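Just so it is clear, none of the values below were taken in a lab; they were calculated from the coordinates. Note that this is a predicted model, so its numbers are computed, not measured. Note that each Cβ is placed from the backbone with ideal geometry, even for glycine, and that neighbours are counted across all protein chains shown.
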Amino acid sequence: MVTDIRTDWTREEISEVYNMPVLELIHQAGTVHRAYHDAQEVQVCTLLSIKTGGCPEDCGYCPQAARYHTEVTVEKLLPAEQVIEAALVAKDAGSTRFCMGAAWREVRDNGDFDRVLEMVKGVCNLGMEVCCTLGMLTAEQAEKLKQAGLYAYNHNLDTSEDHYKKIITTRTYHDRLKTLDNVRDAKISVCSGGIIGLGEAVKDRIDMLYTLSSLPEHPESVPVNALVPVPGTPMEDQEKVSVWDMLRMIATARIIMPKAMVRLSAGRVRMNIEEQALCFLAGANSIFAGDKLLTTPNPGIESDQELFQRLDLKPRPAYKSF
Ligand code: SAM
Ligand code: DTB
Ligand code: SF4
């Protein structure tokens, strides 16, 4: 099944895809995946929290929100040299994309932003795809990041517009979409996806996939996160996300956005090799490597080496396009 690149998927069509018998869904997603990608290739990305904790937002899942009492300690923005050094270590360990995250509501035009621009230049010079996730951006800030060599910007929709209001009150869905516009207009590649396990209904998942697939262009990458429930956050007691739900999200994203990199993101620590293999069969083709995401644990290098060997996967080269 080779699907066209369509930005006019309806909610009904997406719902039909999502609710297909699961093995048929995985098979169809795998077929689309093979038509658009080398299914043995998986992009390896590394995340680094360059500014941790103390965030003024109230995202109900996030350990870095200042208002929740979690074990995360507030740190200042890291020095640029330390970040570039960490990128080099990640590159030597096989990562081709380096994503820098800051616990900010939005970027401000100050010395910290100048330092982030310096980091972007430094990491870009290493030949890695540089990505940032810094909160809301204006058009001018997006342009400055582009000039510094930024390749991609991560800004998740997280869930449906309806459910968003129950999880975050300090900004709107519209704010999120506006930043995505600014990023796309600056010709920076868009990375946007969501989290499952926030108490949302299936309808909310479909709505989020609908919004992503109806953007003027599909995001270049779509992270699918399973909630990592962190003690002290309002979501601490949420039930573990079932692998079948992860598979349905990944496969549906793959079918409706065939060219996107679909990233199996947060939640891998709670999945075994077999479960992750199913995610790759369902069309996931990117992961975060390294023993930490931003503040929570992730499988370490050794277990990922075993994963790649066991499944005969190979890392995708940087800047590859089809
Ligand atoms: N502050 C910026 C923002 O919110 O856009 C960037 C950093 S923020 C930590 C990046 C993303 O991490 C969020 O949009 C959310 O999707 C994800 N995230 C945060 N906490 C999470 C958790 N406990 N489990 C899964 N994903 C999480
Ligand atoms: C994304 O979608 N997932 C990553 C990245 N983009 C920035 C973040 C996951 C964070 C998980 C919670 C933490 O480690 O603090
Ligand atoms: Fe702040 Fe981002 Fe965490 Fe929300 S998700 S509290 S904006 S760091």
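Pairs LYS91/LYS314; LYS166/LYS203; LYS76/LYS187; LYS144/LYS178; LYS121/LYS187; LYS178/LYS292: which exceed 19 Å Cα-Cα?
Values: LYS91/LYS314 15 Å; LYS166/LYS203 15 Å; LYS76/LYS187 30 Å; LYS144/LYS178 17 Å; LYS121/LYS187 17 Å; LYS178/LYS292 30 Å.
Cα-Cα > 19 Å for LYS76/LYS187; LYS178/LYS292; rest within.
Based on alpha-carbon atoms only, what is the radius of gyration of the chain relative to the globular estimate 2.2 N^0.38 Å?
0.92
In whole Hz, with x marking every Gly and Pro, tabulate ³J(HN,Hα) for segment 210-222 from phi via Karplus 6.51 cos²θ - 1.76 cosθ + 1.60, θ = phi - 60°.
Here the 3J(HN,Hα) series is 4, 4, 5, 7, 9, 4, x, 9, 4, x, 5, 9, 10 Hz.
Please report the base-10 log of the normalised intensity I(q)/I(0) for segment 120-247, using a Debye sum with one equal scatterer per alpha carbon and no solvent, at each q in 0.15, 0.21, 0.22 (1/Å).
-0.75, -1.20, -1.26
Expressed in nm to one decimal, what extension gain is obtained for the pair VAL22 and LEU311 from 0.36 nm per residue of sequence separation less their Cα-Cα distance?
Once the chain is fully extended between VAL22 and LEU311, it gains 101.9 nm.
Does segment 165-322 classify as rounded, prolate or oblate by the C-alpha gyration tensor (a ≥ b ≥ c root eigenvalues; a/c under 1.5 gives rounded; else a/b over b/c gives prolate, otherwise oblate)?
Oblate shape, in that a/c is at least 1.5 and b/c is the bigger or equal ratio.
So if we plug the beta-carbon distance of ALA318 and ASP237 into 1/(1 + (r/R0)^6) with R0 = 45 Å, what FRET efficiency do we get, rounded to 0.05?
The calculated FRET efficiency here is 0.65.
Give the shape of segment 54-145 as rounded, prolate or oblate, defined through the alpha-carbon gyration tensor: a ≥ b ≥ c are the square roots of its eigenvalues, a/c under 1.5 means rounded, and otherwise the shape is prolate if a/b is larger than b/c and oblate if not.
Note, shape of segment 54-145 comes out oblate.
Give me the extension gain from LEU88 to GLU106: residue separation times 0.36 nm, minus the current Cα-Cα distance, reported in nm with one decimal.
3.8 nm
Please enumerate, by chain and number, the aspartates and glutamates with C-alpha under 17 Å from the C-alpha of LYS165, excluding those fewer than 8 residues away in the same chain.
Hits, sequence-local ones excluded: GLU57, ASP58, ASP175, GLU200, ASP204, ASP207.
Among all cysteines in the chain, which have no other cysteine Cβ under 4.7 Å from their own Cβ?
CYS45, CYS55, CYS124, CYS132, CYS191, CYS279
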